[in-house]
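Here is the structure we will look at, set down as structure tokens.
The values are calculated or read from the model by the stated rules, or taken from the named source; none is laboratory data. Owing to the predicted nature of the structure, the values given are computational and were not obtained by experimental measurement. Note that each Cβ is placed from the backbone with ideal geometry, even for glycine, and that neighbours are counted across all protein chains shown. Remember, those area values only see protein heavy atoms, side chains included, never the ligands or the DNA or RNA. Shrake-Rupley method; radii C 1.70, N 1.55, O 1.52, S 1.80 Å.
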Amino acid sequence: MLLVTGAAGFIGFHLSQNLLSQGQSVIGLDNLSPYYDVSLKEARIAELNQYENFQFYALDLADREGMKQFFQEHSFNIIVHLAAQAGVRYSLENPDAYVDSNLVGFLNILEGCRHGQVKHLVFASSSSVYGANRKVPFEVTDNVDYPVSLYAATKKSNELMAHCYSHLYKIPMTGLRFFTVYGPWGRPDMAYWKFTKAILSGQPIDVYNHGKMRRDFTYVDDVVEGIIRVMDTIPESIEVSDAQYKIYNIGNNKPIELMTMIEVLEDCLGKKAEKNMLPMQPGDVVQTYADVDPLMKDVGFSPSTPIEVGLKHFVDWYRGYFQV
């Protein structure tokens, strides 16, 4: 039995759907947070509920007693922990949500692994941990002690907490630093979604740092493939602590200029955008760029979907879902 936390979320939905279609039994857990439109999350769960081998539980990770009872009633060989309070800019407005979900909630997952004798925990980190780093591409061996948002700080904390539990309780743990994941059923707070909505409704789009930004846009199917391969790869012990612990980047390894992404989106939509050029936002970074050599070496995979293909899939889904 597999547990996928954040199953009503973007990546968790796609991962669960892939695993279920392969005949695996999946329990999905999510608190259906109102951070963005809950009806989208409910629609994802409705899709997953079509599989007989899927069970869903609405539960808040920060509910210590609820999580304790959940792990007493279920046992898992593998947990893929994707649930989190996401978003860099929202962490400036509501820091408590990040502490509750990403720190308290993650501790409850670790305790569940500890007492439930889980064989492998795969958990979501983020490219945001690289913070103020200027050396590119970002490598997992780079110093990540200078986060520029609370969101990034909580994700770095997750990595440290996981290493500690792996060392103390001999639980294999693998962290994945995701780089700007996009695609169908995506998150409404992401730029490509906001741009699509605005362009189709004839509204201007907000382009931060006057468009002088680059992102390693990574298509969701590539991310899911990477997760599944990592799930089946137990990390080796590291010398310094004897923990079975590993961190990987999952990114496209081909940063795209923000203005290029907008041009591709305009082509997919068949409509030009009116651009509102704005300065850099607090907590944001100019560039993300993933080194994926370790992922390729250990699991034989690196993301490869071009932005032109991925955005077309998203736009086709968006038009169908919203009937526009």
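At-a-glance table
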read-out	value
Residues (exposed (fewer than 15 other Cβ atoms within 10 Å of the Cβ), touching a residue at least 12 places away in the same chain (Cβ under 8 Å) and in a helix (DSSP H, G or I)) located in the stretch 33-42	42
Selection count where residues are aliphatic (A, V, I, L, M), closer than 19 Å to residue 179 by Cα and touching a helix residue (DSSP H, G or I) at 6+ places or on another chain (Cβ under 7 Å), scope the stretch 291-324	4
Residues within the stretch 1-32 that are touching a Ser or Thr at 6+ places or on another chain (Cβ under 7 Å) and open to solvent by 30 Å² or more (accessible area, probe 1.4 Å), tallied	1
Matching residues, the stretch 69-102, being at pLDDT 95 or above, touching a strand residue (DSSP E or B) at 6+ places or on another chain (Cβ under 9 Å) and closer than 19 Å to residue 127 by Cα	80, 81, 82, 83, 84
Flag if residue 277 is more than 23 Å from residue 78 (Cα to Cα), among the aliphatic types (A, V, I, L, M), touching a His at 6+ places or on another chain (Cβ under 7 Å) and in contact (Cβ under 8 Å) with a residue 12 or more places away in the chain	yes
Per-region count, the stretch 151-172, residues of a type outside the set (D, E, K, R) and outside any helix (DSSP H, G or I)	2
Residues that are out of contact with any Phe, Trp or Tyr (no Cβ under 6 Å at 6 or more places or on another chain), more than 23 Å from residue 252 (Cβ to Cβ) and at pLDDT 95 or above, drawn from the stretch 114-142	115, 119, 120, 121
Residue in the stretch 287-294 that is more than 24 Å from residue 208 (Cβ to Cβ) and over 20 Å from the mean Cα position of the chain (by Cα) present	no
Failed item, numbered, when residue 148 is tested on (1) aliphatic (A, V, I, L, M); (2) crowded, with 24+ Cβ neighbours inside 10 Å; (3) not in a helix (DSSP H, G or I)	(2)
Residues of the stretch 177-188 that turn out to be farther than 10 Å from residue 251 by Cα and either open to solvent by less than 10 Å² (accessible area, probe 1.4 Å) or without any contact (Cβ under 8 Å) to a residue 12 or more places away in the chain (or both), as a count	3
Residue in the stretch 236-246 that is touching an Asp or Glu at 6+ places or on another chain (Cβ under 8 Å) and among the aromatic types (Phe, Trp, Tyr) present	no
